[in-house]
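Let me begin by presenting the structure, written as structure tokens, before commenting on it.
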Amino acid sequence: MQRRIFDHLGTPVSEIGLGCWQLGGDFGKTGPQQAEDILRTAVEQDITFFDTADVYGAGESEKFVGSVLNQLGRERFFIASKVGRGSGLYPDNYTEKGVRDCIEASLQRLKIDTLDLIQLHCVPNAVVENAEIFQWLRKLKEEGKIRAFGASVESMDEALSAMKQRDLSSLQIIFNIFRQKPVEEVLEKAHQAGVAIIVRLPLASGLLSGKMSKETQFEEQDHRNFNRDGAAFNVGETFAGLPFEKGVELADQLKAYVPEGYTMAQFSQRWILDHPAVTTIITGASRPQQVKDNAKVSSLAPLSPTLHAQLATFYQQRVVDHIRGPY
């Protein structure tokens, strides 16, 4: 597993991390043993970056992460969580006490004294622009509750707003072959500012695994069932904002570009890692074998410049006009 430097902290982290949303049961039933097996497999694969949030499974994801990683030696891992979508804060009730209470609760569930990173969890851009919330985070940093703070955002405009804070350590963005706008809008600016880029939805909610068909069904509590048109939250968080049927169609077309020796999921993640501004990819996994397959991406050869150019053309000509939601 290759490492990249989380710039503001100078900490090396695995370039393939583990997204832990699914451990809270938000993609269907994930029991304690399955969650533990996924986390332990990630550690065996030399993954050190773990991303969770207080609202994933109403705190269950944080509990699983804390339970397993503390058993294996908390100092070995970079633990990131998020704040801003739970406990009555969202969308317009952000107070210093409310934010502090949420972070304290996360620390208790994770059973740690200090979070390596806390990220604002897609809070309204007006809250980011007001900037008072960053003062509250700076106090928590001074107190040793957090080592760094960043922002998880939905659009490139929001990313640029957050980067006005010179001590912002990271941006978490949606970035994949179906969502290439960050290449032009944000990556180079973040790189110059020393802001780490954490990539979520690298497989566009599974579309870029190449294993879905238009007949694929999802469990009732899975956001890929109930939020595919943005009924519950930003539509961009589900299938990268593409209508499901169109996404399946586009994914099928992309299969022709996958090099020999790569699965489509590995090809899709390798494309992301080929951008040097990216610090880590937080790919989710519903079973241990997926963790192993994702970890292999770190050792795969970069894609050719010709293939990158072809994929940029594919995006511009076939994808961009179908993307919905903040972007």
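Being closer than 25 Å to residue 183 by Cβ and of a type in the set (Asp, Glu) is the filter; apply it to segment 116-166 and report the residue that is surrounded by the most Cβ atoms within 10 Å (Cβ to Cβ).
Per the stated criteria, the residue is 158.
Just a yes or no: is a residue in segment 277-293 touching an Asp or Glu at 6+ places or on another chain (Cβ under 7 Å), under 22 Å from residue 22 (Cα atoms) and assigned to a helix (DSSP H, G or I)?
The answer is yes; a qualifying residue exists.
When you go through 205, 213 one by one, which is the residue that is polar (S, T, N, Q) and at positive phi?
On the way: 213 fails: at positive phi.
After ruling out the rest, the residue left standing is 205.
Which residues, taken from segment 212-265, are assigned to a loop (DSSP other than H, G, I, E, B), within 21 Å of the chain's Cα centre (by Cα) and among the basic types (Lys, Arg)?
Residue satisfying the conditions is 228 alone.
What residue, among those in segment 163-194 that are of a type in the set (A, V, I, L, M, F, W, C) and touching a Gly at 6+ places or on another chain (Cβ under 8 Å), is farthest from residue 274 (Cα to Cα)? Step through it out loud before you land on a result.
Taking segment 163-194 as the starting set, the residues that turn out to be of a type in the set (A, V, I, L, M, F, W, C) are 163, 168, 171, 173-175, 177-178, 183, 186-187, 190, 193.
From the residues that got through so far, the ones that are touching a Gly at 6+ places or on another chain (Cβ under 8 Å) too are 168, 171, 174, 178.
Working: 168: 24, 171: 18, 174: 16, 178: 15 Å.
Checked segment 163-194; the qualifying residue farthest from residue 274 (Cα to Cα) is 168.
If the Cβ limit is 8 Å and pairs must be 6+ apart or interchain, which residue in segment 308-327 that is under 15 Å from residue 234 (Cα atoms) pairs with which residue that is of a type in the set (Phe, Trp, Tyr) and surrounded by 15 or more Cβ atoms within 10 Å (Cβ to Cβ)?
Close Cβ pairs satisfying both conditions: 323/178.
Got a sec? Which of 301, 285 is of a type in the set (Gly, Ala, Ser) and under 23 Å from residue 241 (Cβ atoms)?
Working: 301 fails: under 23 Å from residue 241 (Cβ atoms).
Checking each option against the conditions leaves just 285.
For segment 47-58, indicate whether the set of residues that are without any contact (Cβ under 8 Å) to a residue 60 or more places away in the chain and surrounded by fewer than 19 Cβ atoms within 10 Å (Cβ to Cβ) is non-empty.
Yes, segment 47-58 contains a residue that is without any contact (Cβ under 8 Å) to a residue 60 or more places away in the chain and surrounded by fewer than 19 Cβ atoms within 10 Å (Cβ to Cβ).
Being within 27 Å of residue 73 (Cβ to Cβ) and in contact with a strand residue (DSSP E or B) (Cβ under 8 Å, 6 or more places away or on another chain) is the filter here, so list the residues in segment 100-120 that pass it.
Step one: list which residues in segment 100-120 are within 27 Å of residue 73 (Cβ to Cβ), which gives 102-119.
The answer is 102, 103, 106, 107, 110, 112, 114, 115, 116, 117, 118, 119.
Quick check, is residue 307 among the hydrophobic types (A, V, I, L, M, F, W, C), within 14 Å of residue 210 (Cα to Cα) and either in a helix (DSSP H, G or I) or touching a helix residue (DSSP H, G or I) at 6+ places or on another chain (Cβ under 9 Å) (or both)? Write out each step before concluding.
On the way: among the hydrophobic types (A, V, I, L, M, F, W, C): yes; within 14 Å of residue 210 (Cα to Cα): no; either in a helix (DSSP H, G or I) or touching a helix residue (DSSP H, G or I) at 6+ places or on another chain (Cβ under 9 Å) (or both): yes.
It is false that residue 307 is among the hydrophobic types (A, V, I, L, M, F, W, C), within 14 Å of residue 210 (Cα to Cα) and either in a helix (DSSP H, G or I) or touching a helix residue (DSSP H, G or I) at 6+ places or on another chain (Cβ under 9 Å) (or both).
Just to be sure, is residue 282 touching a Leu at 6+ places or on another chain (Cβ under 8 Å) and either within 21 Å of residue 174 (Cβ to Cβ) or surrounded by 15 or more Cβ atoms within 10 Å (Cβ to Cβ) (or both)?
Numbers: touching a Leu at 6+ places or on another chain (Cβ under 8 Å): yes; either within 21 Å of residue 174 (Cβ to Cβ) or surrounded by 15 or more Cβ atoms within 10 Å (Cβ to Cβ) (or both): yes.
Answer is yes for this residue.
Considering segment 4-59 alone, what residues qualify as being among the basic types (Lys, Arg) and either in a helix (DSSP H, G or I) or under 14 Å from residue 282 (Cα atoms) (or both)?
So in segment 4-59, the residues among the basic types (Lys, Arg) come out as 4, 29, 40.
Across segment 4-59, the qualifying residues are 4, 40.
Is there any pair linking a residue in segment 129-146 that is more than 11 Å from residue 100 (Cα to Cα) to one that is in a helix (DSSP H, G or I) and among the small types (Gly, Ala, Ser), with Cβ under 7 Å and at least six apart or on different chains, and which?
Once the first residue is more than 11 Å from residue 100 (Cα to Cα) and sits in segment 129-146, its partners that are in a helix (DSSP H, G or I) and among the small types (Gly, Ala, Ser) give 129/161.
Quickly run through segment 60-75 and pick out the residues that are among the aliphatic types (A, V, I, L, M) and surrounded by fewer than 16 Cβ atoms within 10 Å (Cβ to Cβ). Can you show your working first?
The initial filter retains those residues of segment 60-75 that are among the aliphatic types (A, V, I, L, M), namely 65, 68-69, 72.
Residue satisfying the conditions is 72 alone.
Residue 96 fails exactly one of the following numbered conditions: (1) touching a Phe, Trp or Tyr at 6+ places or on another chain (Cβ under 7 Å); (2) at pLDDT below 90; (3) surrounded by fewer than 19 Cβ atoms within 10 Å (Cβ to Cβ). What is the number of that condition?
Exception for residue 96: condition (2).
The values are calculated or read from the model by the stated rules, or taken from the named source; none is laboratory data. Predicted model only: the values in this text are computed from it and were never measured. In this analysis, Cβ positions are derived from the backbone assuming ideal geometry, glycine residues included, and neighbour counts consider all displayed protein chains.
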